[in-house]
Protein chains: 2
Amino acid sequence: MTEQRTLEPEKLTKGLATVSKPVKRLDAEDKVKGKPLFADDYDRPGILYAKQLYSKFPHAKIINIDITEAQDSPGVKGVITRDDIPGKHTYGNVIEDQRALADVKVRFLGDVVCVVAAKTKRQADAAVEKVKVEYEELPAVFDPREALKEGAPLLYEERKTNAQIPQKVRHGNVEKGFKESDLIIKKKFTTPFLEHSYIEPESAIAFIDQQGTIRIKGSFQNPFTAREVIAGFLSMGLDKIRVQKTVLGGTFGGKDELMSAIGCRLALLSLKTGCPVKTTYSRENSFLESHKRNPFYMDYKVGVTKDGILKAVESDIVVDSGVYCSMSPYIALRGIVQGAGPYRVENVCSDAVSVYTNNPYTGAMRGFGSPQTNVAIESIMDIIAQKLDIDPVKLRLKNALKKGDVAPTGQKINHEVGLTEALQKTAKKIGWKKKRKKYSKKQTGDYRKGVGIACCMRGISLGAEGVDAAAASVSVQSDGRVIVTTGITDHGQGSQTVMAQIAADILGISIDRITYLEPDTSLIPDSGPTVASRSTFMGGNATKDAALKVKKRMIKIVAELLESPEEYVLVSGGRFYDRKSPDLEISFDEAVKVCNNKAVPLFEYGWYSMPAIDWDEEKGVGEPYFTYVYSVNAAEVTVDTATGKVKVDNFVSAHDMGRAINPMQCYGQMFGGAAMGIGLALYEEVEVVEGVMKDRNFDTYTLPTACDVPDFQGIIVERPDPEGPFGAKSLGEPATEVVAPAVLNAVAQAIGRRIYDLPASLERVLLGKKLSKYKKKKKG
Amino acid sequence: MTEQRTLEPEKLTKGLATVSKPVKRLDAEDKVKGKPLFADDYDRPGILYAKQLYSKFPHAKIINIDITEAQDSPGVKGVITRDDIPGKHTYGNVIEDQRALADVKVRFLGDVVCVVAAKTKRQADAAVEKVKVEYEELPAVFDPREALKEGAPLLYEERKTNAQIPQKVRHGNVEKGFKESDLIIKKKFTTPFLEHSYIEPESAIAFIDQQGTIRIKGSFQNPFTAREVIAGFLSMGLDKIRVQKTVLGGTFGGKDELMSAIGCRLALLSLKTGCPVKTTYSRENSFLESHKRNPFYMDYKVGVTKDGILKAVESDIVVDSGVYCSMSPYIALRGIVQGAGPYRVENVCSDAVSVYTNNPYTGAMRGFGSPQTNVAIESIMDIIAQKLDIDPVKLRLKNALKKGDVAPTGQKINHEVGLTEALQKTAKKIGWKKKRKKYSKKQTGDYRKGVGIACCMRGISLGAEGVDAAAASVSVQSDGRVIVTTGITDHGQGSQTVMAQIAADILGISIDRITYLEPDTSLIPDSGPTVASRSTFMGGNATKDAALKVKKRMIKIVAELLESPEEYVLVSGGRFYDRKSPDLEISFDEAVKVCNNKAVPLFEYGWYSMPAIDWDEEKGVGEPYFTYVYSVNAAEVTVDTATGKVKVDNFVSAHDMGRAINPMQCYGQMFGGAAMGIGLALYEEVEVVEGVMKDRNFDTYTLPTACDVPDFQGIIVERPDPEGPFGAKSLGEPATEVVAPAVLNAVAQAIGRRIYDLPASLERVLLGKKLSKYKKKKKG
């Protein structure tokens, strides 16, 4: 891995001590040493183990559940079904359709009908088999385009349709745009179900604490969401439920709704039995029950002048939501908001609708709709480049958004945009000119090479998706050490280190004085879910707010002591000093002591809420996000034409993320994002046939391994955002959003043929057949 | 039990919904049902049990500690001695003299030389016996008056003296005062070692959490103090140690220094072994190692005019501190500050010194020096009354402090004083006039009766004892429920209910919407120790501050909604409304939703620091406490002259505590305080002979039982203090401070003879002998 930052180090770090430095992760050493406890490592005396019974049909009425035999099985302490739910049966972020325990119907094979808690895992496994469920099978639907048709089986009869909340983007007049175009490209693309593939499967433990509060520790991505779901399920106050995320072995958007369901079941079993109850999923059950990346069925039509100026983008997208809505409508929205590329396009008309099917349900996964639509628009950009014989980089540079431009949603871009720079640096880094030209020549032999590029824009934080605010707490201890916490959860992305860096920089102390306290839902106010790459931006701003308040209070006291005006007092390197007379100084520790003796409180909550946005969901116009990250990826590949095997030889990932709070972690995100995007491009697909998942472990679900991950080069482009903490925007998702089209564009150059249905598997590369099961199914 | 409040209910509760009401304790139901987990109820997988080895001598050098055999014993996982201490060897609030593990010397039989951790308790017990310690015995001293003499064995050679920090009070000119007096009374009093007698013995468990933080849960009265001690002992940052108090089965000042030592040992063993380590003390070990109430040796000289006007109080007090200083100098200070009674005395000269001996160490116990000196001054008041033939109530009324008076320390009393009212109501309630007169007549027969009264003043919170500040946090959840916490610990006194009442009243919601989150040291900022009856005053003020900040923010939003001026918006009964147009209203829950949608933060830290005091410790002049509680107790007793058995028939307890936040809990405090004071008066003494504790369990250490506790009548006198939360001052300690002299004065009337050495045991009442072991020892 090589690294590159576009600002000079001295410029970057001016006035910064910890921020912008490749600080070692707070949890690095412990993780390397194997010390952290993951959810499954937790144990409690008297513990019971839970095991769930899954549906036998993709769609059926539940006539009866007979638990008598299970209840009498050895070691069984509790059994729960729909009849035991004290509160709400349903939950859901957008539509309340999800059930921790199936009630009237089952809608897919991952629906849970009953859960047993027993003294040993084996006893639980054995007992759950003794539950007798009587079903009445119902007709099912597995293709979302079929599900939209009149007369298709309805998953939720009361909704009268399988369509969820339709989303649109309207800007300019596409008819006019197409008329002004010299070239119109119409293409269809599909993407499959994808598994999040976190290495740690779902796991949690629930118990009642000494205050009668229900405590649930586990692999929760979004403890506050889970708490709300569990409180509703149990019909209890939020203050009576305390959810704590354990050290996470990955999530990528996946440990959300299912973890809420698991939390409900364990909490209820714990209440019923009075014992701690735990479960850890097998990989097979994790595949079966967890949500997937939404398959997208995309029809695109793009118009462009002969000079390569984009005039119109029209898209029509059907999103397979599976049995539950989850976040699908907003995934569809982000998909189309970002689905015309980071370009000046005056005319856009995009529609997307997520649709219920009896497939596994789908939802948030790193990128949130954007990796799918980026495949379409960025493939089309290369098709245009080829048709117009314009270099793909040049074509993109021609259309790339700049400050002052209008984005495809009609939003005026008032911020600095590092896209052009990122395109140029990426092209240079991958050796674009030379390689593109070289690989354009006719290649012979088994191994053929190509180079591809792609770019995208990424709306910051939740934007049109919801109220967006986060809390933090900074508390200076009497020995000068500092406890920092936020409502943001660290999934392994390193956010605790980022928060500690921000607090350390503001307080002018070294980061090793800071402990980031892992939050739980009673310890820190609800800060929303840790999604949408919002950790650094939202949590960082909240941390900054808290640290600034504490610093201000300390400066007031120090200014009195030094007899300096407050505005002259600075803090860095563990000392406060007068910038006009730097000899006037007092150590941070001494200042803490003085404050303590004066009973000055050295702790504060911080709070940050996102700048206002203005999105009209009905009309599909406005400002869906207040600002954007800009990303460019380039890939060089070798294709073995004898086997269809694609090898990514080189990969360049460049992002204008505002400010790299921790460059080392930024490269980490880019690297991980590249690997994940390569999986989307080349390997990954959960095959689902008639609602039956064919891939349920990593034997047939192929992830990129170390052998498949290329030499990686990261480029940090920094256009500090005035709203960001130290100018930071975000990176977690951008790092994977435009990987696949870069790889696919390179593959297209190498084999002289384009793949429209992902992944670009051996068969598709080799045979060029459209092998998508969904298409087959439609034909069948 | 009967109750009486001096203000009319309608006046009391005007504008108050929850405060001032006898709200049910938040933890009542769980406690009645046996649900709470006390420290010993905690368990963890892989747990080890710790057992400590005590000193064999009251004073000796440690030449060598051989742990080899113990280390090799079955089940042993770790052994710690002085050689294993990573950080500081000593700790202490006033003088750093205390050791979690003895190093150079042992100074009393409760010093711990070594601790073993093993897989079972039996293995730990067996292994600790195999530790071989080589001692060199040193001469010891057991009487503090002897210890002050030249040439006495020194406990701390480097200090050159056994005396600790001498304390004084100087006001006016006692020589002049005695000249102006018509009657001068000189008397000596002694009080013995007393055990706190919490029903739950010391217990804790230490383990390393997933963040590498050392977690210690246990019966900690003062988690922040313990954290600081443990951090010093381990040489770690305060942020790396997390101390959590479990549900306490009593403490009364006792679970402080020893719990810190236990915390140090368990934490170190946990670090060494990598396992959770737990200990729960036997009653015998608890007696042996825990600190006791300080024995006071008091010489008093009081001058009074023939009309009963107090002219001078002189006192000279020696306090047995045992081997460690603990809080003894401040106990001595409070003893003399409050030791001239709640009276106008123009001339005061008091000296007190705490002294090291090789006895068990002593320290904070409910009352903190005041129960001892109150025995002296209030006995003398009755002697004066008898000599001058003035009714004891009248004598006290003559001298009782009123607003505008000058207190015995020279402090001007600027606050309302409910003392006169309390004296009058108490006298009336006990039936003083009639009974006093009746029992004055010559009594014959075995059973003789008496009635006694006594009063005192009690300085609020820490005052001259240290920096005094506390933190709270109030967080409104999205369902309108509220999480409240403070750095104050609930020992069973009901402070969590008081905090919840205060928050509920300010937020205008019912208390059942509030969860008081048990704090730990990382969760809430250091709020000092929970001592000095400071919970309601300090924690309550901090809670009030936090709740007011949150309310203010909600009112701002509601005012916008209702289009009312902010100053018109009130909240009560779960709704905000315009006081000018009460129909303009919005429910609390609705307001919360609006605030959440606007991303208005509904959480805040609160903070309160005590009003300034001004005490010159060197000169013994100034204002040691900013305000005072005033207490009056009266007792009616029957003495069985055949056995010396005293039965308390009736007891009245009246207190001006500012405001009774929860009258039911106030009566509870008074009742418990009365029982404890009766123990001091009649039953309790830890006999220590040559450093050897003769009483080490409740077989020979006699506590008052249900049979010994009289009919109890409580009187609440309310003079709201402008600084107190809703006017509240304090009650926890006042409830027990002046019980003993009331009982002793009643006994004196009954038997026509006064007891000067406590307790008024069967022998002393029957035989009138001065049976104090200390006096015997001096003679011997």
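Brief remarks follow.
- Hits in segment B:417-435 - residues which are touching a helix residue (DSSP H, G or I) at 6+ places or on another chain (Cβ under 6 Å) and open to solvent by 40 Å² or more (accessible area, probe 1.4 Å): none
Here's the yes/no breakdown for (1) in contact (Cβ under 8 Å) with a residue 24 or more places away in the chain; (2) closer than 27 Å to A:HIS291 by Cα; (3) in contact with a Gly (Cβ under 7 Å, 6 or more places away or on another chain):
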{"site": "A:ALA681", "(1), (2), (3)": "yes, yes, no"}
{"site": "A:GLU685", "(1), (2), (3)": "yes, yes, no"}
{"site": "A:VAL689", "(1), (2), (3)": "yes, yes, no"}
{"site": "A:MET693", "(1), (2), (3)": "yes, yes, no"}
{"site": "A:THR705", "(1), (2), (3)": "no, yes, no"}
{"site": "A:ILE716", "(1), (2), (3)": "yes, no, no"}
{"site": "A:GLY724", "(1), (2), (3)": "yes, no, yes"}
{"site": "A:ALA728", "(1), (2), (3)": "yes, no, yes"}
{"site": "A:VAL738", "(1), (2), (3)": "yes, yes, no"}
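- Flag for B:VAL474 being crowded, with 24+ Cβ neighbours inside 10 Å and within 14 Å of chain A (Cβ to nearest Cβ): yes
- Of all the criteria given as (1) in a strand (DSSP E or B); (2) touching a Ser or Thr at 6+ places or on another chain (Cβ under 9 Å), the one not satisfied by B:ILE184 is (2).
- Annotation note: of A:VAL571, A:VAL621, A:VAL592, A:VAL558, the sole residue that is open to solvent by 10 Å² or more (accessible area, probe 1.4 Å) and closer than 29 Å to A:THR515 by Cα is A:VAL571.
- Pair list, Cβ under 8 Å, 6 or more apart: segment B:287-315 residue under 19 Å from B:LYS387 (Cβ atoms), other residue among the small types (Gly, Ala, Ser) and open to solvent by 10 Å² or more (accessible area, probe 1.4 Å): B:GLY303/B:SER181; B:VAL304/B:SER181; B:THR305/B:SER181; B:LYS311/B:SER181; B:ALA312/B:GLY172; B:ALA312/B:SER181
- Contacts under 6 angstrom Cβ, first residue in segment A:125-145 being over 20 Å from A:ASN64 (Cα atoms), partner of a type in the set (Asp, Glu) and not in a loop (DSSP other than H, G, I, E, B), 6 or more apart: A:PRO144/A:ASP320
- Any strands (runs of 3 or more DSSP E) falling wholly within segment A:573-629 and containing at least 2 residues that are more than 11 Å from chain B (Cβ to nearest Cβ): A:575-578, A:585-587, A:614-616, A:621-623
- Residue in segment B:34-53 that is assigned to a loop (DSSP other than H, G, I, E, B), in the same structural domain as B:ALA124 (by TED's automatic domain parsing), modelled with pLDDT of 90 or more and open to solvent by 70 Å² or more (accessible area, probe 1.4 Å) present: no
- When B:CYS275 is tested against the conditions (1) surrounded by fewer than 24 Cβ atoms within 10 Å (Cβ to Cβ); (2) within 27 Å of the chain's Cα centre (by Cα), the lone failure is (2).
- Residue in segment B:328-337 that is free of Cβ contacts under 8 Å to residues at least 12 places away in the same chain and open to solvent by 10 Å² or more (accessible area, probe 1.4 Å) present: no
- Once segment B:40-63 is narrowed to residues that are at the interface with chain A (Cβ under 10 Å from one of its Cβ atoms) and not charged (D, E, K, R), the residue that is nearest to the chain's Cα centre (by Cα) is B:TYR42.
- If you go through segment A:436-460 and keep only what is in contact with a Ser or Thr (Cβ under 7 Å, 6 or more places away or on another chain), open to solvent by less than 20 Å² (accessible area, probe 1.4 Å) and over 21 Å from A:ILE390 (Cβ atoms), you end up with A:ARG458, A:ILE460.
- Boolean, A:PRO360 is surrounded by 24 or more Cβ atoms within 10 Å (Cβ to Cβ), under 28 Å from A:HIS59 (Cβ atoms) and modelled with pLDDT of 95 or more: yes
- Within segment B:54-66, being open to solvent by 30 Å² or more (accessible area, probe 1.4 Å) and not in a strand (DSSP E or B) holds for B:LYS56, B:PHE57.
- Single match in A:THR213, A:THR190 (criterion: surrounded by fewer than 23 Cβ atoms within 10 Å (Cβ to Cβ) and either in the same structural domain as A:PHE296 (by TED's automatic domain parsing) or farther than 29 Å from A:VAL738 by Cα (or both)): A:THR213
- The condition (being without any contact (Cβ under 8 Å) to a residue 24 or more places away in the chain and within 14 Å of chain A (Cβ to nearest Cβ)) is satisfied by just one residue among B:GLY237, B:GLY218: B:GLY237.
- Top-ranked residue of segment B:710-735 - restricted to ones that are open to solvent by 10 Å² or more (accessible area, probe 1.4 Å) and among the hydrophobic types (A, V, I, L, M, F, W, C), ranked as farthest from B:ALA532 (Cα to Cα): B:PHE726
- With respect to the stated conditions, A:VAL19 is assigned by TED's automatic domain parsing to the domain that holds A:SER495, at pLDDT 90 or above, open to solvent by less than 60 Å² (accessible area, probe 1.4 Å) and at negative phi.
- Unique match (being among the aliphatic types (A, V, I, L, M), touching an Asp or Glu at 6+ places or on another chain (Cβ under 7 Å) and either part of a helix (DSSP H, G or I) or in contact (Cβ under 8 Å) with a residue 40 or more places away in the chain (or both)) among A:VAL550, A:VAL558: A:VAL550
- Each residue in segment B:498-521 was checked for being surrounded by 24 or more Cβ atoms within 10 Å (Cβ to Cβ) and assigned to a loop (DSSP other than H, G, I, E, B), and 3 of them qualify.
- Among the residues listed as B:THR497, B:THR426, the single one being hydroxyl-bearing (Ser, Thr, Tyr) and either within 14 Å of chain A (Cβ to nearest Cβ) or under 30 Å from B:ALA612 (Cα atoms) (or both): B:THR497
- Every residue from segment A:350-384 that is farther than 15 Å from A:LYS301 by Cα and aliphatic (A, V, I, L, M): A:VAL353, A:VAL355, A:ALA364, A:MET365
The values are calculated or read from the model by the stated rules, or taken from the named source; none is laboratory data. This one's a predicted model, so the numbers in the text were calculated from it and none came from an experiment. Cβ: placed from backbone, ideal geometry, glycine included. Neighbour counts: every protein chain shown. Ligands, DNA and RNA are excluded from the accessible area calculation, which covers all protein heavy atoms including side chains. Shrake-Rupley method; radii C 1.70, N 1.55, O 1.52, S 1.80 Å.
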